[in-house]
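The values are calculated or read from the model by the stated rules, or taken from the named source; none is laboratory data. Computed from a predicted structure; not experimentally measured. Ideal geometry is used to build each Cβ from the backbone, glycine not excepted, and the neighbour counts take in all protein chains shown. Heads up: the accessible areas ignore ligands, DNA and RNA and are worked out on the full protein's heavy atoms, side chains in. Shrake-Rupley method; radii C 1.70, N 1.55, O 1.52, S 1.80 Å.
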Amino acid sequence: MTGYRTTGRGRRPKPRRSGIRRLLPTWKMTVGGLFVIILGAAAAGFIYYQSVSIPEPNAAATKQANVWEASDGSVIARTGEVNRENVTLSQVPVDVQHAFVALENKTFYKDKGVDVTSTLRAVASTALGRGTQGGSTITQQYVKNYYLNQDQTASRKIKELVISLKVDRTMSKNDILVGYLNTSYFGRGAYGIQAASQAYFGVDASKLTVAQGAYLAALVQAPSQYDMATATAAGKQLALGRWNNSLDNMVMMGWLDQSRRGAVSFPKLRAPSAADTTGVSGQKGYLIQAATSYLTSTGKVDEKTLAAGGWRIRLTIDPTREKQLEQAVKDRFTSLLSSGNAKNKNAQLGAASMDPSSGEVKALYGGSDYVTHYVDNATREDFQVASTFKPIVLATALNEAAKTQDGQAISPSTIYSGRSGRPVVGSATPYAPPNEDDRSYGDITVQQAMNNSVNSVFAQLGVDAGLDSVRKTAIDLGLPSDTAGMHANPSISLGVATPSVVQMAGVYSTLDNHGKLVTPKLVTSAQRAGEKLDLPKAGDGKQVISRQAADTVTQVLRGVVDDPTGTGSVASALGRQVAGKTGTSDDNKSAWFIGYTPQMVTAVAMFGETKQGGQTSLHGVAGLPRINGGGFPAKIWTGYMQAALADQPAQAFQLDTLAPVPTQKPSPTSSPSTSASPSTTPSSTPSSTPSSTPSGTPSSGQGNGGGGNGNGNGNGGLPSTRPSPTDTGGMMSPGATATSNARG
């Protein structure tokens, strides 16, 4: 029986393995091999488990200072005093305990202290360079906070798992929970639930309600992002979602009656105060807050890790420029406000100055004092930018080679109707915005419309350029895609979006940099114990719009400020080439001036804010009926730039502009309107059109009412002008609205 193995006793012989089958392991060999591997892994795990002991509390659990440096290495501030007061679990209401468990670890009272699946998934994600993942139990978070550190490494996560298993065996669940509550970071400089209770609600932990406890539980994941006093719209939505999840999970687990759940409303938060800060006054706190936000936004480090201390962080801030900016604000703003005028208390001011070649923020003004006004006016994103957005609209039209509704190429010399309230044509959304003070202009060029910030022209120009394209250009130039108010509808052209002063300085820096992206940078290095963060480059240098489009916008903005006879002339006062734009929002809630030279870009904005943090008009501040961008903001800008550029030679813009387009007659969509001759009252900020630009309206006394480039009252003495009855081309179309969210 060739090819068979004999078996004896007459049983059928088994065939011999032949060919490739002889090289393959049998099933017995496979099972045996797997058993050996599993046994070996178990043995290695057991040995590792036995070798790891519960360590002493880590150094981060003790006081450490962060050292914040200016660009020259001088110390801005040292921070790191830990705001923490430990409490016992009996001092924390049971409802509040349950709110944390329900949101962070529903199986806390039953599990062994670890979530093996989530931990191994996080280890694999970290090892493969796919970023970090959550999923830790309350026990694991306590171990990380108290015994280990926040490093996102595979070895640390494995060690965390082992120690958590041992802690769960040696400590009671109550001890673990109170340890977690006392070591968690909640933002506003508060470590532990007692400090957090005071920071957010002004009460001891023992007095917390279930609604308040659910909010503190929601904060743990991302304290700054979820602080309702300073969060973005998206952050507030996420925080509210986590708050609801905590309460809903309590119902699901039988810890909260459904009827009681229905009666719970979101708690009222205490406004941030000096007690919640690191104690740094003046501009130091704003600088630290802005640098912290910048670092955490990179994804390289979280707020909790920074707050633990031990970091040496160098900012881009030039201490000389910083002092010059503070002095300019004092000389041209705060010193002029009388304490007897109650309206003056509503005025807030923010400013940022950047190097357009690098994006480094050289000076930042966040407000009068970080201790008394916690919100940073330079980085806040809640006030409209108004007409400072109009250069983005023009940049879009030029970059896209857009045409008017009748097919004429758009350039600075293209003629539009400047009639106030003229409905836009070509948009599915009816829109007919008034100009500032309802002033009507005749047939004017785009250049003149920019000088005078004519809303009716730019509303139509945005439609002609393409509203989706306008939004895309704004994002390409550096504005976040989720900026509030930045939707593709006609009002976008008038600046209803609410980016920050720093972000707008970045946009104008990109224009100054010939269309190559410039991203604001606030930190040059951050290191701890020899470990240095690898900060991202953020895509700087990418050509986001054509050089010719960017340079043509710069040339147009030179025309806005290039009037040597104006009483508030920026260019003549500075004695060098300048490009810039003013803006004044609807109801005068904000007033802006953003200007630049080849060496420096600076944005200055005033905001009307109530004591409770709401928005209000700037009317009446300094006894003036209106605060325009050409007033305090432009004067502060000029004072600062005179000092900041005093040691630098004047430079000329090196512009490669688009070829001039012959002056065109108004298109059917830009029908002419009658315009009365303006008065000769001079404006406080230059607003004349360069001599090479065709004149469609008298240049004397242009008050730039649309952009706030007037004297204190904003209209430069110009009378309101209505269209004649024969001006049918500018008649209001059915359904069109004459309201506007931004005035100029």
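Spin-label model, Arg261 to Lys330: label points 7 Å out along the Cα-to-beta-carbon direction sit 5.7 nm apart. Extension gain, Ser338 to Thr298, is 10.2 nm, computed as 0.36 nm per intervening residue step minus the present C-alpha separation.
Taking a probe of 1.4 Å, how large is the accessible area per residue of the range 482-629, in Å²?
Numbers: 4690 Å² over 148 residues.
Value for the range 482-629: 32 Å² per residue.
What you get for the range 510-610, charging only the Cβ of Lys and Arg (+1) and of Asp and Glu (-1), is a dipole of about 420 debye around the Cα centre. For Phe593, neighbours were defined as the other residues whose beta-carbon sits under 13 Å from its Cβ, and their charges (Lys and Arg +1, Asp and Glu -1) total +3. Averaged per residue, the range 131-269 has 39 square angstrom of accessible surface, using a 1.4 angstrom probe with ligands and nucleic acids left out. With the charge dipole of the range 138-253 set up from +1 on Lys and Arg Cβ and -1 on Asp and Glu Cβ about the Cα centre, the Cα lying farthest toward the positive end among the listed residues Thr183, Thr232, Ala214 is that of Thr183. If you plug the beta carbon distance of Ser273 and Ala409 into 1/(1 + (r/R0)^6) with R0 = 41 Å, you get a FRET efficiency near 0.15. Full extension of the chain between Asn245 and Asp72 gives 57.5 nm of extra length, using 0.36 nm per residue less the Cα-Cα distance.
Multiplying the residue separation of Ala428 and Gln543 by 0.36 nm and subtracting their alpha-carbon distance yields 38.2 nm.
Judged by the ratio a/c of the largest to the smallest principal axis of the C-alpha gyration tensor, the range 287-402 counts as oblate, that ratio being 1.5 or greater while a/b is no larger than b/c. Go ahead and run the numbers for FRET between Ile475 and Thr320, Cβ-Cβ distance against an R0 of 41 Å, rounding to 0.05. FRET efficiency, Ile475 to Thr320: 0.75.
For the pair Gln642 and Ala401, label points projected 7 Å from Cα toward Cβ lie 4.6 nm apart.
Compute the signed sum of charges (Lys and Arg +1, Asp and Glu -1) over the other residues within less than 14 Å, Cβ to Cβ, of Ala449. Around Ala449, the charge tally is +2. In this model, which of Lys173/Lys207; Lys173/Lys304; Lys284/Lys542; Lys284/Lys581 are farther than 26 Å apart at the alpha-carbon? Over 26 Å apart, Cα to Cα: Lys284/Lys542; Lys284/Lys581.
With a simple spin-label model that places each label point 7 Å from the Cα along the Cα-to-Cβ direction, the separation between Ala234 and Gln221 comes to 1.4 nm.
Add +1 for every Lys or Arg and -1 for every Asp or Glu among the other residues with Cβ under 15 Å from the Cβ of Ala291, and state the total. Summing Lys and Arg as +1 and Asp and Glu as -1 gives +1.
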